[in-house]
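In what follows, a structure is listed as structure tokens, so that the remarks can point back to it.
The values are calculated or read from the model by the stated rules, or taken from the named source; none is laboratory data. These figures come from a predicted structure and were not determined experimentally. Cβ placement follows ideal geometry from the backbone for every residue including glycine, while neighbour counts extend to all protein chains displayed. Each accessible area value is taken on the protein alone, full model and side chains, heavy atoms only, with ligands, DNA and RNA left out. Shrake-Rupley method; radii C 1.70, N 1.55, O 1.52, S 1.80 Å.
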Amino acid sequence: DSARALALSRESLVLSRKLDNKAYIAFCLTTLAGIIQATGDPARAGRLFGVAEVLLESSSAVLDPRGRLEYENDLVAARLQLGTVAFAHEWQEGRTMHIDRAVMEAIGNGAQEATAT
């Protein structure tokens with residue numbers, strides 16, 4: 001159920017941001033990016049993957065093996081949907097994105113996504 005997963009992941013992201021827990025924010029962003037990619041917005045997903053990667057690196061957080069596999073599969077899917085050059089552009093934009101902007105981008109556009117599922 002993509003709509004429910006999206007809603008719960010967004011709620012987790014908002015709570016993680018309130019706690020200023022960068023590792024949890026990164027985990028939420030990887031999940032949201034995967035859902036967003038699967039519901040048809042690979043460009044936004046690429047940006048969220050980029051910012052999530054920076055947060056994972058800066059917090060020394062590590063995805064568990066299952067999470068890493070899902071993350072890698074979602075990255076490949078987004079790259080295939082966008083093409084390598086466009087994906088690299090979105091990824092880099094995400095890597096330079098401020099965390100508050102990333103949170104807003106991840107929780108935005110909910111009505112359109114709910115009807116896409």
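With charges set only on the Cβ (+1 for Lys and Arg, -1 for Asp and Glu), what does the dipole of region 6-117 come to about its Cα centre, in debye to the nearest 20?
Dipole of region 6-117, to the nearest 20 debye: 100 debye.
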query = Considering the Cα trace of the chain, what is its radius of gyration and what is Dmax, both in angstroms?
reply = 12.8, 36
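Rounded to the nearest 0.05, what FRET efficiency do Met104 and Arg66 give with R0 = 25 Å and r taken as the Cβ-Cβ distance? Could you check?
Numbers: r = 28 Å, r/R0 = 1.13.
Using R0 = 25 Å, I get an efficiency of 0.35.
What number comes out for accessible area per residue over the chain if the probe is 1.4 Å? Units Å², please.
That works out to 53 Å² per residue.
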note = Percent relative contact order for the chain, counting Cα pairs under 8 Å at least six residues apart, stands at 32
Within a Gaussian network of the chain (alpha carbon springs, distance under 10 Å), most fluctuating of Val103, Val14, Val62 = Val62
Gaussian network model of the chain, springs between alpha carbon atoms under 10 Å - residue of Leu75, Leu19, Leu55 with greatest fluctuation = Leu19
task = Go ahead and set up a Gaussian network model of the chain, Cα springs under 10 Å, then flag whichever of Asp64, Asp41, Asp74 fluctuates most.
result = Asp64
request  = Identify, among Ala23, Gly34, His89, the residue whose Cα sits farthest towards the positive end of the charge dipole of the chain, taking +1 on the Cβ of Lys and Arg and -1 on the Cβ of Asp and Glu, with the dipole about the Cα centre.
outcome  = Ala23
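For the chain, which whole percent of the accessible surface, found with a 1.4 angstrom probe, sits on carbon and sulfur atoms?
Numbers: 3500 of 6210 Å².
The nonpolar share, carbon plus sulfur, comes to 56 percent.
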